[in-house]
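A short worksheet on the structure shown next.
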């Protein structure tokens, strides 16, 4: 497997260089990304934040100055997602999926298949979501780039969880954890995979296994300071606390579960994106249950009502409201 992602930068495939320009990526973006990675490795959070911020600004400017059909459709899809217009989002994603630019690249096809699976999952169309997720994994494995395979396997795990298919969900989670990858950020990606497997194990009742994965990911994910711009880290930290809350709740530790639940809720509230809101609603329900068990009935009703409002606003299908289905 091509651990580095397949496309290096300068001579010998190390660092930024002309290869980025050949793939439509400005050299300045690759240099900024490299600086950000160096900052993380050196523990210099200020340097990393500045570099990643510059990379994002360059990427945004490049997209505005060089708009393509797929970029335009991706923006339209994002707007549909923000309005919770799942049919509209599917329509735009299908246009992206069928575009010759996408069809010509296995990596883009894999990502597009996984993106289609995501929206079909949000619509509760589980068979179509599952088929697209499987397609995304197959294409990613053929493309042979570890980070892409990890992302595709995560979507397959999510779809299998929604179908209550324990064997397939755990198989996908196990495969993601076991992937060999030495690309920049590989340690963080593996920690993400551990948290995903912890969620999966906990959903199917393997409390000890979930605890083991939380411990494996804790040093990388929870014991370090991360740049504020790395929103994916904040979301995964919230996921970590969400599993922790369920573990403590299972053990009858109401206080520990409530504290972990509040940490997860705070993390989801600070994170952007569709799944942060879906998982926020799930954690509000858990908090409501804990409050009810503690005799705090008014607080429990408010937490449950807040969860219901999110479900209604987002048109979340019932299959994604249960703990086993929570991606």
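For a quick protection proxy, order the peptides 289-300, 271-282, 151-162 by their average other-Cβ count within 10 Å, most packed first.
Working: 289-300: 15.0, 271-282: 19.2, 151-162: 25.9.
Result, highest mean first: 151-162, 271-282, 289-300.
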Enter the Cα centre distance for the pair region 67-118 and region 255-269, rounded to the nearest angstrom. 33 Å
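Multiplying the sequence separation of residue 312 and residue 138 by 0.36 nm and subtracting their Cα-Cα distance, what value in nm do you get? Intermediate results must be reported in sequence, preceding the final value.
Values: separation 174, 0.36 × 174 = 62.64 nm, distance 3.43 nm.
Gain in length upon complete extension: 59.2 nm.
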Once you keep just the Cα pairs under 8 angstrom separated by 6 or more residues, what percentage relative contact order results for region 257-327? 29 percent
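Which order do the peptides 114-122, 129-137 take when ranked by the mean count of other beta-carbon atoms within 10 Å per residue, highest first?
Numbers: 114-122: 24.6, 129-137: 23.0.
The most tightly packed comes first, giving 114-122, 129-137.
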Please give the contour-minus-distance gain from residue 127 to residue 218: 0.36 nm per residue of separation, less the Cα-Cα distance, rounded to one decimal in nm. 29.3 nm
Residues of region 103-123 with backbone N under 20 Å of the label point set 7 Å from the Cα of residue 94 along Cα→Cβ are 103-104, 109-123
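Rg(Cα) of region 225-327 divided by 2.2 N^0.38 Å? Walk me through the intermediate numbers first.
Numbers: Rg = 13.2 Å, N = 103, 2.2 N^0.38 = 12.8 Å.
Against the compact-globule rule of thumb, the ratio is 1.03.
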Once region 120-249 is represented by equal point scatterers at the alpha-carbon sites, with solvent omitted, what log10 I(q)/I(0) does the Debye formula produce at q = 0.10, 0.18, 0.19 Å⁻¹? -0.31, -1.01, -1.11
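FYI, it's all coordinate maths here, none of it is from the lab. Since we're looking at a predicted model, the values are computed, not measured. Methodologically, a virtual Cβ is constructed for each residue, glycine included, from the backbone with ideal geometry; neighbour enumeration extends over all protein chains shown.
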